[in-house]
Structures are given as C-alpha cells and as structure tokens.
1. In angstroms, what radius of gyration and Dmax does the stretch 334-454 have, counting Cα atoms only?
2. May I ask which residue of Ala508, Gln144, Tyr584 lies farthest towards the positive end of the charge dipole of the chain, with charges of +1 (Lys, Arg) and -1 (Asp, Glu) on Cβ and the Cα centre as origin?
3. Could you compute the net charge surrounding Gly292? Neighbours are other residues with a C-beta less than 15 Å from the C-beta of Gly292; K and R count +1, D and E count -1.
4. For the chain, what proportion of DSSP beta bridges, expressed in % and rounded to the nearest 5, is antiparallel?
5. May I ask you to derive the FRET efficiency for Asp457 and Gln527 from their Cβ-Cβ distance with R0 = 35 Å, giving the value to the nearest 0.05?
6. Can you compute the label reach from His73? Point 7 Å from Cα along the Cβ direction, backbone N cut-off under 19 Å, restricted to the stretch 156-185.
7. Report the calculated FRET efficiency for Thr608 and Ala381 (r = Cβ-Cβ distance, R0 = 60 Å), to the nearest 0.05.
8. Is there a quick way to get the dipole size of the stretch 141-263? I mean about its Cα centre, with the Cβ of Lys and Arg at +1 and of Asp and Glu at -1; what is the value in debye to the nearest 20?
Amino acid sequence: MRRLPQLALCVFLASWVGMPVYAQQTRYVDDATCPAVGSGSQADPYCKIQDAICELRNVPGGGTVLVRPGTYHEAVRMFKDVSVVSTDGAAATTIDATGKPCLTSSCTVSTVTPCAVVYFPSASATEVDRLEGFTLTGGAGIRQTCAGTCDNQLGGGIFVINASPTITRNTITGNVLYPASSATIFGGAGIYVGGRSARPVITGNTIEGNVADPGPGTASQGRYALGGGIYVGYPFASAWIDGNTIRSNRAGGAVPYQVGTGGGIALNSTPATVPVVTRNHIKGNTASDVGGGLFLAYTWDGGPGRSRVDSNLIEANAASEGGGIGIDVHDGTIVNNTIVLNTAERGAGIWVTSVAAKLWNNLVTGNVATVAGGGLFVHPAGGGASIAYADVFGNSPGDIAGAWTNAQFLAQPGNQIADPLYAPGTFQPQEGSPAVDSGLNSVAGPLDLGGAPRIQDGDGDGNAVVDLGAFELSNDFDADGIPDWMDDDDDNDGVPDSADCADLDPTADTPPPEVDNLTLGGSAPTQLTWTSLGPGLRYDVVGGSLLALRLPDGLGAVCLADDVSANAWTDPDSGPSPGGGFYYLVRAQDICAGSYGNASSGVPRLVTQDCP
C-alpha cells in the first residue's frame, strides 16, 4: 500500500503554573447590535465574538462568552479559561469564516488567510473550556510550513493543537480545506487535532459535508488527504470522540498521485496515546483510497498506531479499500461496532493489514464489494490479526476474503456467519438473534450506542453476556415499551423499583406483616392456628426445645414446615417429654420474604436452620 509521509508541524508549547482562583465573568455578544462595538454587558453586548474573547483573556479567571442568535462573519481564536457558548443552539447561531483571516495572539488581524472557523492554539484550553452550540462553516484551514520542513493545510472547521477543549453540540459543516493551497497534506476538514498535549473532548456534534481534497500530485510529489470529518494524529495527540453524527464528509478525490484516507475519521496516534471513538453514527463518508468511515493507521514515525473504536454504527461509507473501516499497522481495539451497507473494491466492511489489530464483538452485515471480501478482507500482511466473537453475514460477493477463508474465520473463538435478525427498520438485533449474549465481556464498554448499560442478560438465561454490535438488547419485563434500565417500575405494579422489594413481581412490593393470633390447641394438642393474611401467601413454621433458648447460638429453632398454604398446621411430634417444652414461630412469606418478629431486645429473631 502507498504510505503517507511523516506529518510534521510547527509546535509551540506554553507552560502554565498554579494560578489563584478567580470568579468567572460573563460577556454577551449579539450581532443585531452591529456596527456598534458594544461593551459586552447584557444590556450593551459586543457585536463580535472575538471582541468578547479578547477582553476576557486578560481578566483573571477568564469567563464565558454568551452568544445570541445570528450569523457571525469572523474567524475565532480561543484563549485559556474562556468558553464560548450560544444561548439558542447551533440551529440559530452560525460562525461563518468564509474569506476571514486568522487573528494573532495579541488579537490583531494576521496575514494568515484563509483560516479555521475556530482556532485553539497551544495551551489555549483545558477540558473545562468549551465551544458549544454553533454552526461552524466556511473554514478553509490553516497553512503550516514548519520553517520549510512541512507543508500542510489543516483544520477547516476547528483547528486544535496542544490544547484540550470540550467541543460539544455544534454543527460543523461545509468546511473545505483551501483547494488552491499548494500544500502536500490536507488534514481534518471538519476538525484537526495535533500536538503532543492535545486531549480534546468532542461530543454530541454533527460533523457533515466537510472536504479534504488537495487535488492531484505529481510523480515526484504525491499529495495526501487525511480525515474529511476528523483527523487526530501527529505527534502524540489524542481525543475522546463520543456521541457524534459524522456523515457525508470526504477525503481525497480519486485523482493521480493522491491518497485519500479516512472519509469520516482518520487516526495516526501513537501507542502512548489512545484516542477513543465511541457511540458515534458514522454514515455516508467517502475516501478515495482507504477507510471510508474510519482509517486507523501507523504513527508519525511509522510504528503501529493505537486507538479504541467502540459501539459505533458505521453505515453506508465508501472507499477503494475498507469501505467501513481500513486498518493499516494499527494496534487498535475495535469492539462492538455494527458495520453495515458499506461499499469498496475490497473489504467493504473491514479491510485489515495489521497483525496487531484486535477486532471483537462486531457485526459486519450487508456490505458490498466489487472485487472481493464484502464483509472482511484480510490482507496477507494482516493475517495474524485477532478477529473473534464476530458475526459476518450477508455480505457480497462473499463474507470473508484475502488471507482468510470462511473456515479460518469460523475457527476463531465465538465467530459465526448467521443472520443477526435485526428488528424491522433498525440495525438492532431482536429477541432470538444469534448476536444476543454472544460476545466477550472482558472487552465491552459500559454503554451501547443508544445509551443502554452494558452488560445485560438479553436471552434471560440468568447469565449476563454482552451482545455483538453497537446495540445491547434491553429487557422490558412489563412490556410497556420502556426498557428496564429506563423504567422506574419494571413490574408495572405502581410501586417504584427503589421502594419495591420485588421489582420483577407485580404481586408483591413489601414483605408481608407479622403473623397474628398464633394459638396452640384445637383439634389436636399440637395444632397451631393463626390469622390468615390473605390469599397467595405461604407460611413457614420453625421451632425447637425450650432448653435451646439458653444456647449461645440464639433461639436454636429449626424448620418444621415449609410453605404451608393454610393458616393451620399440626406438629406430628407427640409433644415434649415431662418437664420439657417446645416453642414455635410462624412467618408469612412471599418473594419479599417475611419476619419471625423481634426479640425483646428489638433485634429480629434468629433461626438456626431456616426454611428454604
């Protein structure tokens, strides 16, 4: 396979030492006040987002910029301890950086143009600093030349280097890395993450319609596209990418001397840092070469990369190799993903050329290749990959190809080729599916794509085993349409589970009361009678010698009669010997058990040998 060049960047590091704690402040922005600059108060908001940020960067403790609905035509530079949040969400608030230059660290206009929509330079943010609730569009990326050692066009929507912001609830769309740039490498049209200390949290965003396409290269100098939606890489960058919709992004253009990888996401991360891609819907992305949905690759120095890809729905992506996922020299843990309806020449579902890859608990179904390996194509270089507890079914022109055959695939632990029986209109296995309770628990994450907890007992056999794929089958005991993990009354008896001693039994919710009017005598000298506590209850009778009351182990009582249905019982023993005596205790019981009452000390009476 054609290798990517080493990706180098100019990296500037800043050292932040302990600072006093100051109260955060708030500044307001509203483009309806333009062209007046404003002062940033609620009554007199700034016209521009950057004006508010640049003021707060000099305020001890920083603060939050609250942005009212509107379209803001600017490229934004972030600073440490400053969060930028829209008041009404992405649908109402847009930052459009079309043709706008970057800003310098002193908040003056830079000569660098075009720019990213939002730029997080080194040490500009920690996880508590956030960008929330915007549509970000019109970004063309930042040119990096690294004093002549590199030539990159990176980060159309958001450029992050050596910073760790929280990026949440944004729509990052329509960002096209500057097509007129002569840069060799185009990376991260939606979001670029680079630098040794970058650890952003990217969650709850829609990242769509972004393009990284440098055009054709030459025989002496190829050109490379990495990550139409998101790129995370050089040299030790990481990210937590959780709960996003990543769709219709593109990397590369299938032109001469160009390599396009990772239409949705591309990762070139080192073993020292492990990006996490979890619970995302990755759909309709395109790469001209490898990894339509995701490309998991080697590191900046050519060694194996590392990541965790967990509980994603990877649907209808396209590439030449690896329509859903392309894996090349990558020590990745790829678990519990549902990989469906992707297309490629080879490996429409997964294309792997990495002996270090670990693929477990995945569903790979309905993918279509034009040459070979509709489901899984194992390159000869990746023949030693660990692929287990997987269901690869219904792919065309075959489920397995390359260095493995169907027989070799089925020889691995837990693998199967079986219809997963998706519920109609979904990619969620339903009751009776062979994918339910068929995975490897030790590698499963805590939540599925829909937020349901893992691991559940989907087949009801009393043994909780993780399901294959992105979704965990959730039980619904009372069939009220609310899965048990969301239902606060699982048996629908009107008593919340938190107060119900038998939350899966609609006939019981509290222990029965103590038995009353226990009497000895009647039709036989040793007949016991007591007041019935109603239908459906059973009664246990325990007893023992009065002499046993003096023993140090408590009452010394043993079970005499178990689950008596009537409110009477006759002891078959003829009675105590002269000078001796017996005693009896009776309790009512249901699934919530019951009580023999309390001793004079107030503690519950103990029984040496209780009834079952």
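The numbers here are math on the coordinates, done by the rules we state, and not lab data. From a predicted model like this one, the values you see are computed outputs, not experimental measurements. Quick reminder, even Gly has a Cβ in these numbers, built from the backbone with ideal geometry, and neighbours come from all protein chains shown.
1. Spelled out, the Cα radius of gyration and Dmax of the stretch 334-454 are 13.6, 39 Å.
2. Value: Gln144.
3. -3
4. Within the chain, antiparallel bridges account for around 15 percent of the total.
5. The pair Asp457/Gln527 has a calculated efficiency of 0.15.
6. In the stretch 156-185, the label zone of His73 (backbone N under 19 Å from the point 7 Å along Cα→Cβ) covers 174-176.
7. After rounding, the FRET efficiency stands at 0.30.
8. Dipole magnitude for the stretch 141-263 comes out near 120 debye.
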